[in-house]
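Here's the structure we're looking at; comments come further down.
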Amino acid sequence: MIRKTYASTALKDWTPEELLELLKVSRTNNSAKDITGMLVYSDRTFFQVLEGEEKAVNELFKTIEKDNRHKDISVIETKKITEREFPYWSMGFENMDTSALSEVEGLGDLVEGELTATSLASNKNIIGPLMRHLRAKLIKAASPGTHEELPMEHEDPFIRLLHLGIRSGVKVLAFLMVIVIMLGILDVVFVMYEKMSEPPYFHLSINEILETFGAFLAVLIAIEIFLNITLYIRSDVIPVKLVVATALMAISRKVIVFDYHHLDPAYVSSSALVVFALGITYWLLDKKH
């Protein structure tokens with residue numbers, strides 16, 4: 001594999017919408033060719049890192065050179081590599097101005113003045129600190145502590161507006177789910193009262209105990225669903241683990257209240273496989289994080 005870094009100058013100022021469209025196309029094309037990397041846009045200057053098989057990267061770069069939307073294309077470095085700096089991003093992106101670049105640890109005074117493709121190409125000492133900074137930002141953005149399903153910070157203003165609308169809807173759903181939970185609790189109380197207020201008093205048969213357990217678990221599942229709803233406006237969790245936990249609790253509830261005298265063995269076996277698969281999935285997710 002090789003890593004190719006280059007800089008170029010845009011012929012005009014790019015809007016956030018144009019940059020977003022460029023990223024969509026780049027990510028689709030790069031994924032098909034197993035190319036990863038990073039793109040930085042700063043005051044009409046593009047800085048890009050491309051990583052992948054040598055032939056694929058060189059062919060892509062030839063296409064980039066022919067693009068008439070930029071000029072002054074300068075190859076900064078072409079290096080053989082054994083591992084990628086940006087293995088999980090078909091094309092990471094950062095829109096930075098000169099002041100933001102000057103604050104990057106390790107750059108010091110290297111980016112004083114106007115940042116251009118020529119200055120990047122003539123000062124290769126910038127590349128190492130810049131790549132470390134960009135990689136750290138991408139990893140931080142993808143980590144559980146900063147994950148956000150509906151981020152309010154987005155390159156596209158229209159997407160930000162949509163996220164705001166969905167967040168408002170999520171809050172309404174969360175409020176309604178609280179009402180459902182409270183009604184579920186009342187139902188548990190009613191079930192217990194109904195079962196224990198009939199002769200023989202304060203005595204529950206096995207079937208009645210299972211029915212009571214079902215009412216309890218229904219409330220617990222409603223609480224899990226409430227957490228699933230609210231996680232979309234939180235930034236401290238990744239939803240997959242919680243969704244799997246909810247599914248595991250739901251299928252476990254069914255297993256607890258099964259009437260095995262009237263169920264097809266195949267149905268019971270398939271339910272056991274679902275529980276096993278969800279358990280393994282949850283364990284793997286917990287082990288990974």
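The values are calculated or read from the model by the stated rules, or taken from the named source; none is laboratory data. Remember, it's a predicted structure, so these values are computed and weren't measured experimentally. Cβ coordinates were reconstructed from backbone atoms using ideal geometry, including for glycine residues, and neighbour counts include every protein chain displayed.
Which condition from (1) in contact with a Lys or Arg (Cβ under 9 Å, 6 or more places away or on another chain); (2) surrounded by fewer than 18 Cβ atoms within 10 Å (Cβ to Cβ) is the one that THR15 breaks?
Of (1) in contact with a Lys or Arg (Cβ under 9 Å, 6 or more places away or on another chain); (2) surrounded by fewer than 18 Cβ atoms within 10 Å (Cβ to Cβ), only one is false for THR15: (1).
Out of the residues in segment 39-58 meeting the condition of being farther than 15 Å from PRO87 by Cβ and charged (D, E, K, R), tell me which one is surrounded by the most Cβ atoms within 10 Å (Cβ to Cβ).
ARG44
Every residue, every condition in (1) out of contact with any strand residue (DSSP E or B) (no Cβ under 7 Å at 6 or more places or on another chain); (2) at pLDDT 75 or above; (3) under 17 Å from LEU220 (Cβ atoms), yes or no:
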{"residue": "ASP236", "(1), (2), (3)": "yes, no, no"}
{"residue": "ILE256", "(1), (2), (3)": "yes, no, yes"}
{"residue": "ASP259", "(1), (2), (3)": "yes, no, no"}
{"residue": "PRO265", "(1), (2), (3)": "yes, yes, no"}
{"residue": "PHE276", "(1), (2), (3)": "yes, yes, no"}
{"residue": "ILE280", "(1), (2), (3)": "yes, yes, no"}
{"residue": "LEU284", "(1), (2), (3)": "yes, yes, no"}
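Quick grid of which residues meet (1) in contact with a Phe, Trp or Tyr (Cβ under 9 Å, 6 or more places away or on another chain); (2) assigned to a helix (DSSP H, G or I); (3) modelled with pLDDT under 75; (4) crowded, with 16+ Cβ neighbours inside 10 Å:
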position: THR118; (1), (2), (3), (4): no, yes, yes, no
position: MET131; (1), (2), (3), (4): yes, yes, yes, yes
position: LEU150; (1), (2), (3), (4): yes, no, yes, yes
position: GLU155; (1), (2), (3), (4): yes, no, yes, no
position: VAL170; (1), (2), (3), (4): yes, yes, no, yes
position: LEU176; (1), (2), (3), (4): no, yes, no, no
position: PHE202; (1), (2), (3), (4): no, no, yes, no
position: PHE213; (1), (2), (3), (4): no, yes, no, no
position: LEU217; (1), (2), (3), (4): no, yes, no, yes
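Condition check: over 21 Å from LEU20 (Cα atoms) and at pLDDT 85 or above. Does THR78 satisfy that?
So THR78 passes the test.
Checking the conditions here, which among ASP34, ASP72 is modelled with pLDDT of 85 or more and either out of contact with any strand residue (DSSP E or B) (no Cβ under 6 Å at 6 or more places or on another chain) or surrounded by fewer than 18 Cβ atoms within 10 Å (Cβ to Cβ) (or both)?
Residue meeting the stated conditions: ASP34.
So is GLU105 surrounded by fewer than 13 Cβ atoms within 10 Å (Cβ to Cβ) and either at pLDDT 85 or above or touching a Gly at 6+ places or on another chain (Cβ under 8 Å) (or both) or not?
No: the conditions fail for GLU105.
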